[in-house]
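Below: one structure, written as structure tokens.
Values quoted throughout were computed directly from the atomic coordinates according to the rules given, and no laboratory measurement underlies them. Keep in mind that this is a model prediction, so the values were computed, not measured. So basically every Cβ, Gly included, is an ideal-geometry build from the backbone, and we count neighbours across all protein chains shown.
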Amino acid sequence: MGSENIITEKKQKVDYRGPLAIMTSLFFVWGLVTVMNNLMMPYMKGVFDLNNTEANLVNFAFFLAYFVMATPASMLLNKTGYHKGIVVGLCLLAFGLLGFYPAGLWISFPAFLFSLFVMGTGVTILQVACNPYISALGDPETASVRVNLAGGFNSLATTIGPIFISFLVLSAAEKATTVAEKAAAVQLPYVGVAIFVFALAFIVNKLNLPKLDIETSSEEKVAGNPWAYRHLVLGVLAIFCYVGAEVSIGTFMIDYIGLNDILALEASDAAFYVSLYWGCLMVGRFIGSAILSKISNEVVLSTAAVMGAILTGFAIVGTGSVAAWSLVGVGLFASVMWGCIFPLGIRDMGKLTGKASGAMIMGVLGGAIIPLIQGYLADVSGIQFSFIVPVVCFAYIFSYAVWGSKVLNK
């Protein structure tokens, strides 16, 4: 069997539309919970009187799980299979969401952080499973197209999420007069999403998905430790920078839009611009799926990185609506980065694709570290200048596209 035939059923007998629909729905789910966490920053700062660095422990707790649990997630999937692993991931995500209810009752920041880590663990399992699964459901040459298409639904969730959170949480928190009332504002939305995720886990458990077994490939292209391959190691760092930049921009956008020199909006109103930012990611991913079928990953990624850096630079030096819309527009170019970097990082890994995927997911730790760095810089030098951190991230991503992604034979 060729390395491209990594679904155990024969391609001509398998209809991939159903499995693809399931995988894209999972991308939607973790997109929703991720943006919900990002928008909790102003809420947490108000309830617990936190500075920017302390508030970013929300992102740190969630994304730390990607680094800590990526390898255990790969081991779990190798033991249970991708289907059961996805169900486990959904259940852990739901339990983490439910944890917000007692955390709100106790008004406990550590309890919120623990719940976020459990949520991150569930999403880590889903990411380790779903990214290679989608890559495997069809021609390897069009893997980036499928990943970007699924990413479009992820961005659909991140577009809807800010509106959802603004209406149900932020506006209620702004009207609350006591800490207890502010803490209660977050409980029901998270419990509601938890019930939805539990229902999805039940449905997925009953479905008959094609069995994925990447390590049964007979045409082994690599052997040994996947960390010995430069394009993978540098790809992990590229994912680190991409996720960090994307999350950091989404996290600090509300505070940025609220600056007097920008638009001076309240958090509930500024959330609209966050929604537009994630909306640009959604549109860009759907457009990117078409572009990547005709243009190489390297060219698309390098162009996107340059444009991301330029627009973020405008946001640093500009004022008013021009600066605000420049930052929103970054989403359009950041949209294709995951779909380009991930296939580049795991390409030609043969039987080690599963382990390589787990390694790439570890790079999502950037979502924990980069916002902390930007938060510290914001406390020291101001919100606007702190966006130099995403600019540096985009510069590295450009270098990966033109140099680091090349596969070198050992």
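Miscellaneous remarks
- The angle between the Cα long axis of helix 320-334 and the main principal axis of the chain comes to about 20°, on a 0 to 90 degree scale.
- Principal-axis tilt of helix 17-38 within the chain, Cα atoms, nearest 10 degrees: 30
- Approximate spin-label separation residue 379-residue 314, in nm, with each point projected 7 Å along Cα-to-Cβ: 3.2
- Across 79/294; 45/79; 355/406; 45/206; 79/406; 79/206, pairs whose alpha-carbon gap is larger than 30 Å: 79/294; 45/79; 45/206; 79/406
- Cα-derived Rg over Rh, computed across the chain with Rh taken as Kirkwood radius: 0.96
- The angle separating the long axis of helix 337-346 from the principal Cα axis of greatest extent in the chain is about 40 degrees.
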